[in-house]
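Trainee: My questions all concern the structure below.
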Amino acid sequence: MNRKYLKAVLVGFAVVAAFVILHYGCQESKDLTTGDEAGRVYVAPGTYDEFYLFTSGGFSGQIGVYGLPSGRMFKVIPVFSQDPEKAWGYSEESKPMFMTSHGFVPWDDAHHPKLSQTDGIADGRWIFINGNNTPRVARVDLTTFKTAEIIEIPNSGGNHGSPFLTENTEYVVASTRFSVPIPDKDVAISSYKENFKGTISFVKVAKDGAMDVAFQILVPGFNYDLAHGGKGPSHGWAFFTSYNTEQANTLLEVNASQNDKDFIAAVNWKKAEEYVAQGKYKTFNTSYFRNYFDEKKHMAFSEEKKTVKVLIPEECPGLIYYLPTPKSPHGVDVDPTGEYIAAGGKLASVIVVHSFSKMMKAIENKEFETTIDGIPVLKYESVIGGEVNNPGLGPLHTEFDGNGYGYTSSFISSEIVKWKIGTWEVVDRIPAYYSIGHLCVPGGDTRKPWGKYVIALNKITKDRYLPTGPELTQSAQLIDISGDKMKLLLDFPTIGEPHYAQAIPADILMKNSKKIYPIEENQHPYGIKAEKDARVVREGNVVHVYMSQIRTHFAPDNIEGIKVGDKVYFHITNLEQDWDIPHGFAVKGLQNSELLIMPGATETIVWTPLKEGVYPFYCTDFCSALHQEMSGYIRVSPKGSNVAITYGTGK
Ligand code: RUQ
Ligand code: CUA
């Protein structure tokens, strides 16, 4: 090695060492400004370098999990769509998660991931996401990165303005994108104005995460688009944008773009709670499903609910107000202080920012323009806090950095515009490639954003990536916001359409990540705790196979006595108790999907053999050096045959 080279290496080491010392030195001086009994703490901006990014899959129905700043994808969490890789929606245990009042619905359009909060700060317990098409809200457990619950929203025509939260995750909100007859009935579409209504729903979230529709508010038949909960002084309120206040039912692109201003609905949900407690609601008969996954039984359960409490604004004064907002507003975003409510008017030439304190004064002084179906419309001049001029064309969504700035995505001019809260001046702008929809600052819609980055979530990527046929990837872009000027760092493609995304420091989730399911806690009725309990039981033409897996064999791995047309249930328990040792299962001709069973879990797949013969089965996940040996045979005999059930391993 020559001297010059050695010197370069030594200098390199010194730089790395200095970085490590600085890096970890600064991690130690974490500013713990708030905490709770579960040990969740908020750590000040700038302290964290690594984040998890959760993106919505849009029409894929799932959630993508990425690391920041690398932009590398770690996982797709199956939520609303069947996923044969994980048997989600194919295994007997997971099928109930897809139950709705319309039957088994194995797909949805997922738009807005939203991290649970304590005290207005993301706490890392769960992430929620809405299903837009067959109105639903899902809750994903962030210890397992697995969908834990899906609840259907009744009396809704499409759940877009969802699942935004109140400050302590008291409620998940859901507002209907499309107004419909409520309760739904067979009427002429042209009777829209007299028959169609909207609803704004509040879904209670219990301490353990269980969801239940607490109440709904019946609102005029507009299109309700997005939402955000208040925080700090505005805690107790939630805000919902609406468009199509024209109440058009055809050619909306023209007919719903007539009015100069539409509305943000401000809902006083604490007041709503009082009205509910006083019994001032109507009980509507309906049907909706709540599905949840039991981690001990390793299976999902479905329950149908039949009634819902509905509040009527006319009968509940003070419950809801309209803030006039130009023009066909889309996003509604509340700044970290809770005072400012920014609206993204798709067709507006300014970003309108309402003031919460002015709104409260205007309510007190009854500064109303008019009243619609019992909902007072406040005077625009009375509630306006500021207008950001020259915000780009087609402003949609705003996130905040916690340092006094808002960042707004502008779809048509394809850029992010940075503006100062209070002076409302635009201080910086950066192009996005191309046609940005949502954007995300880690914690950027909470009381204490972590700042550092803004992630642009783009709809179109023409010429940015290699062509892949008629459809090109969607993408995200990572932009550094730690200085005065925004700096583009990285592009990365995303799975599905990233409508919205949320990010949280890696440290908060990492330490809670579950490694295995303890086998002694496995309460699956068809699970087994040891290989000696493996067996095959015939009940008429139904056969239950109680099977185990451990490196590197199945028990049993030879099965005879199965007959053509039998309904064979493979109940497979993975006996491993080591992190990251799932085993798979697939048998030739299996008509649905593989199983991928986590350590300590039991899963079931059903198979109906249609032809006699000998069927190999095997493990699909490369689990050890002898993975290829992890296999077996099933003998299938003709329908009337008298081959007895026999089974075993190593005999
Ligand atoms: S939307 S691009 Cu579904 Cu949230 Cu605004
Ligand atoms: Cu088990 Cu491969």
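The values are calculated or read from the model by the stated rules, or taken from the named source; none is laboratory data. Since the structure is predicted, the reported quantities are computational estimates derived from the model, not experimental observations. So basically every Cβ, Gly included, is an ideal-geometry build from the backbone, and we count neighbours across all protein chains shown. SASA here: full protein model, heavy atoms, side chains in, ligands and nucleic acids out. Shrake-Rupley method; radii C 1.70, N 1.55, O 1.52, S 1.80 Å.
Trainee: Would you mention how many residues in segment 432-477 are surrounded by fewer than 18 Cβ atoms within 10 Å (Cβ to Cβ) and of a type in the set (Asp, Glu)?
Mentor: Total meeting the criteria: 2.
Trainee: Considering only segment 551-579, state which residues are in contact with a helix residue (DSSP H, G or I) (Cβ under 7 Å, 6 or more places away or on another chain) and assigned to a strand (DSSP E or B).
Mentor: Listed by number, the list holds a single entry, Ala555.
Trainee: Quick one: how many residues across segment 514-524 are open to solvent by 40 Å² or more (accessible area, probe 1.4 Å) and either among the polar types (S, T, N, Q) or touching a Leu at 6+ places or on another chain (Cβ under 7 Å) (or both)?
Mentor: So the count comes out to 1.
Trainee: Out of contact with any Cys (no Cβ under 8 Å at 6 or more places or on another chain), under 27 Å from Pro449 (Cβ atoms), within 12 Å of ligand 1 (Cβ to nearest atom) and touching a residue at least 24 places away in the same chain (Cβ under 8 Å): which single residue out of Ser116, Ser162 fits that description?
Mentor: Being out of contact with any Cys (no Cβ under 8 Å at 6 or more places or on another chain), under 27 Å from Pro449 (Cβ atoms), within 12 Å of ligand 1 (Cβ to nearest atom) and touching a residue at least 24 places away in the same chain (Cβ under 8 Å) holds for just one of Ser116, Ser162, which is Ser162.
Trainee: Of all residues in segment 590-619, how many are more than 22 Å from Gly650 (Cβ to Cβ) and either of a type in the set (Val, Ile, Thr) or in a loop (DSSP other than H, G, I, E, B) (or both)?
Mentor: 18
Trainee: Here's a follow-up. Being in contact with a strand residue (DSSP E or B) (Cβ under 9 Å, 6 or more places away or on another chain), among the aliphatic types (A, V, I, L, M), over 24 Å from Ala501 (Cβ atoms) and open to solvent by less than 20 Å² (accessible area, probe 1.4 Å) is the requirement here; does Val352 meet it?
Mentor: Yes: the conditions hold for Val352.
Trainee: Continuing with the same structure: Hey, Leu347 hits all of (1) without any contact (Cβ under 8 Å) to a residue 60 or more places away in the chain; (2) open to solvent by 60 Å² or more (accessible area, probe 1.4 Å) but one; which does it fall short on?
Mentor: Unmet for Leu347, out of (1) without any contact (Cβ under 8 Å) to a residue 60 or more places away in the chain; (2) open to solvent by 60 Å² or more (accessible area, probe 1.4 Å): (1).
Trainee: Six or more apart or on different chains, Cβ under 9 Å: which pairs go from a residue in segment 431-458 that's without any contact (Cβ under 8 Å) to a residue 24 or more places away in the chain to one that's among the acidic types (Asp, Glu)? Could you list them?
Mentor: Going by the 9 Å Cβ cut-off, the qualifying pairs are Pro431/Glu415.
For (1) closer than 24 Å to Ile372 by Cα; (2) part of a strand (DSSP E or B), each residue gets a yes or a no:
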{"site": "Ile264", "(1), (2)": "yes, yes"}
{"site": "Tyr275", "(1), (2)": "yes, no"}
{"site": "Gly279", "(1), (2)": "yes, no"}
{"site": "Phe284", "(1), (2)": "yes, yes"}
{"site": "Phe289", "(1), (2)": "no, yes"}
{"site": "Lys296", "(1), (2)": "no, no"}
{"site": "Ala300", "(1), (2)": "no, yes"}
{"site": "Glu304", "(1), (2)": "no, yes"}
{"site": "Thr307", "(1), (2)": "no, yes"}
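Trainee: Only one residue in Phe196, Phe222, Phe239, Phe263 is within 16 Å of ligand 1 (Cβ to nearest atom) and either closer than 27 Å to Tyr380 by Cβ or hydroxyl-bearing (Ser, Thr, Tyr) (or both), so which one is that?
Mentor: Step by step, each of Phe196, Phe222, Phe239, Phe263 is checked, and only Phe239 is within 16 Å of ligand 1 (Cβ to nearest atom) and either closer than 27 Å to Tyr380 by Cβ or hydroxyl-bearing (Ser, Thr, Tyr) (or both).
Trainee: In segment 617-650, how many residues are within 16 Å of ligand 2 (Cβ to nearest atom) and farther than 21 Å from Leu596 by Cβ?
Mentor: Residues that pass the stated criteria total 1.
One line per residue, one yes/no per condition, for (1) free of Cβ contacts under 8 Å to residues at least 60 places away in the same chain; (2) open to solvent by 20 Å² or more (accessible area, probe 1.4 Å):
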site: Val254; (1), (2): yes, yes
site: Glu273; (1), (2): yes, yes
site: Gly279; (1), (2): yes, yes
site: Lys282; (1), (2): yes, yes
site: Asn291; (1), (2): no, no
site: Ser302; (1), (2): no, yes
site: Val308; (1), (2): no, no
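Trainee: Right, here's the next one. Among (1) within 16 Å of ligand 1 (Cβ to nearest atom); (2) under 24 Å from Lys358 (Cβ atoms), which single condition is Ser409 missing?
Mentor: The failed condition is (2).
Trainee: Do we have any residue at all in segment 123-141 that's open to solvent by 10 Å² or more (accessible area, probe 1.4 Å) and within 16 Å of ligand 2 (Cβ to nearest atom)?
Mentor: No - not one qualifying residue is present in segment 123-141.
Trainee: Residue check: is Glu369 more than 27 Å from Lys114 (Cα to Cα), of a type in the set (Asp, Glu) and not in a strand (DSSP E or B)?
Mentor: no
Trainee: Only one of these conditions is not met by Val614: (1) among the hydrophobic types (A, V, I, L, M, F, W, C); (2) within 16 Å of ligand 2 (Cβ to nearest atom); (3) free of Cβ contacts under 8 Å to residues at least 40 places away in the same chain. Which number is it?
Mentor: Here Val614 meets the rest and fails (2).
Trainee: Here is a further query. Taking the conditions exactly as written (within 30 Å of Ile581 (Cβ to Cβ) and basic (Lys, Arg)), does Arg538 satisfy them or not?
Mentor: When the stated conditions are applied, Arg538 does not pass them.
Trainee: Report, by residue number, each residue of segment 551-580 that is surrounded by fewer than 18 Cβ atoms within 10 Å (Cβ to Cβ) and within 13 Å of ligand 2 (Cβ to nearest atom).
Mentor: Within segment 551-580, Arg551, Thr552, Asp578, Asp580 qualify.
Trainee: Please go through segment 363-391 and pick out each residue that is crowded, with 23+ Cβ neighbours inside 10 Å and either free of Cβ contacts under 8 Å to residues at least 60 places away in the same chain or small (Gly, Ala, Ser) (or both).
Mentor: If the condition is that a residue be crowded, with 23+ Cβ neighbours inside 10 Å and either free of Cβ contacts under 8 Å to residues at least 60 places away in the same chain or small (Gly, Ala, Ser) (or both), then Leu378, Val388, Pro391 are the ones that fit.
Trainee: Any idea which of (1) in contact (Cβ under 8 Å) with a residue 60 or more places away in the chain; (2) touching a His at 6+ places or on another chain (Cβ under 6 Å) is the one Trp419 doesn't satisfy?
Mentor: If we test Trp419 against (1) in contact (Cβ under 8 Å) with a residue 60 or more places away in the chain; (2) touching a His at 6+ places or on another chain (Cβ under 6 Å), just (2) comes out false.
Trainee: State the number of residues belonging to segment 220-246 that are assigned to a strand (DSSP E or B) and over 30 Å from Ile121 (Cβ atoms).
Mentor: Count: 3.
Trainee: Could you run through segment 179-226 and say how many residues are hydrophobic (A, V, I, L, M, F, W, C), touching a Pro at 6+ places or on another chain (Cβ under 9 Å) and either surrounded by fewer than 20 Cβ atoms within 10 Å (Cβ to Cβ) or under 15 Å from Ala266 (Cα atoms) (or both)?
Mentor: 5
Trainee: Conditions: (1) of a type in the set (Val, Ile, Thr); (2) in contact with a Pro (Cβ under 8 Å, 6 or more places away or on another chain); (3) within 23 Å of Lys197 (Cα to Cα). Thr283 meets all but one. Number of the miss?
Mentor: (2)
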